[in-house]
Ligand code: PLP
């Protein structure tokens with residue numbers, strides 16, 4: 001019986017009705033991925049070349065140079081890790097924590113929870129400071145916790161995609177330095193979209209993703225670490241307990257030697273080079289300004305339609321807006337209606353905000369006045 005099933009599954013006739021791969025056209029105004037820029041898509045569709053080809057090696061250097069600009073840093077070890085944002089997130093924990101070492105995590109949403117989960121798996125001594133989903137931490141609260149807990153690493157999410165909160169980071173780097181602690185920042189929903197100054201803010205380690213501010217498909221996770229982080233890595237007593245994400249090995253490929261570690265996803269690196277080039281050509285200041293302006297237009301428009309925003313304007317996140325679902329409205333029904341009838345995606349709330357808010361993303365290529373107008377118009381005409 002089992003044998004007959006396997007043989008029939010292997011029969012190619014079973015697949016003859018499969019048509020050529022097709023995906024519907026969508027405008028992605030949810031928490032990510034966002035639509036990729038057309039120039040990024042052309043770069044992605046180029047024929048692969050070898051990951052040790054001299055032309056590719058030169059492209060790697062371009063990507064690193066462009067990433068340093070986008071991160072606003074001079075860090076030698078700045079690279080796109082293979083994998084989505086969670087890959088560089090895990091690398092940030094796996095490489096810098098040894099068993100029993102203290103990490104303090106400021107948690108105010110779903111992705112803070114993920115950091116806690118990862119740090120626990122790597123057997124860190126985890127302390128958590130917590131805020132309700134929709135609030136940010138003050139400088140004083142963070143300073144107090146770092147000074148009293150004395151962690152080896154302090155980790156925080158800059159742009160919390162689950163709640164729509166932007167965490168101010170100014171001054172925290174200084175506190176970390178005074179307390180001999182590394183400052184780790186999740187910039188998944190801020191890199192290439194919102195002001196982020198790695199060197200000036202004294203951030204020691206940071207990671208992001210390709211599918212939001214950088215207008216690329218998901219698949220790479222930009223990462224950067226400074227000399228303080230390099231020193232901590234080289235003083236480890238034990239091997240990094242994760243081969244794929246071991247930065248001392250990746251350093252041999254992305255550092256100076258270009259020695260094989262794993263086969264780089266070359267097309268994704270073509271794509272990210274293009275996404276980063278577009279940002280650099282337009283200028284970071286302009287990119288930040290565009291994201292802020294379009295978000296403000298969205299907020300004003302939603303409020304003028306009588307809708308309530310979940311986060312106070314003081315720390316509202318321009319890339320991701322959480323808007324309360326009106327009491328009489330079927331939240332999932334409205335989202336499905338937008339998707340099925342108009343091809344527009346917005347997100348449901350995540351975790352404890354599920355069913356309470358919608359999440360509207362304006363990120364990278366999709367942060368445009370035209371998209372804001374289109375969405376506001378649909379909220380006006382379709383939300384009954
Ligand atoms: N951190 C934040 C703030 C995120 O928004 C996400 C994903 O949206 C991640 C981490 C994880 O990234 P990924 O889903 O690309 O693995």
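Between residue 177 and residue 57, the FRET efficiency from the beta-carbon distance, with R0 = 35 Å, is close to 0.50. How many angstrom lie between the Cα centre of the stretch 67-111 and the Cα centre of the stretch 189-242? Each part reduced to its Cα centre gives a spacing of 5 Å. Work out the FRET efficiency for residue 337 and residue 300 from their Cβ-Cβ distance, taking R0 = 35 Å, and round it to the nearest 0.05. That gives a FRET efficiency of 0.90. The slack between residue 236 and residue 200, meaning 0.36 nm per residue of separation minus the straight C-alpha distance, is 10.3 nm.
Dimensions of the stretch 145-230 based on its C-alpha atoms, expressed as ranges along the principal axes with the largest first, amount to 40, 29, 19 Å. Reported to the nearest whole Å, the Cα centre-to-centre distance from the stretch 254-278 to the stretch 113-151 is 33.
When the chain is treated as a GNM with alpha-carbon contacts under 10 Å, the residue of 107, 123, 178 showing the greatest mean-square fluctuation is 178. Summed over qualifying helices (DSSP H, 4 residues or more, each -39500 (n - 2.57)) and divided by its residue number, the chain shows a 222 nm mean residue ellipticity of -12500 deg cm²/dmol. Modelling each spin label as a point 7 Å along the Cα-to-Cβ direction, I'd like the residue 21/residue 243 distance in nm, to one decimal. In this crude label model, residue 21 to residue 243 measures out at 2.7 nm.
Go ahead and set up a Gaussian network model of the chain, Cα springs under 10 Å, then flag whichever of 20, 296, 324 fluctuates most. Looking only at 20, 296, 324, the largest GNM fluctuation is found for 20. Dividing the convex hull volume of the alpha carbon atoms of the chain by its residue count gives 179 Å³ per residue. For the chain, modelled as a GNM whose springs connect Cα atoms under 10 angstrom apart, the maximal fluctuation among 282, 213, 109 occurs at 282.
Since every read-out is calculated from the coordinates, none of them should be taken as a lab result. Predicted model, so just to flag it, every value in this text is computed and none were measured. Cβ coordinates were reconstructed from backbone atoms using ideal geometry, including for glycine residues, and neighbour counts include every protein chain displayed.
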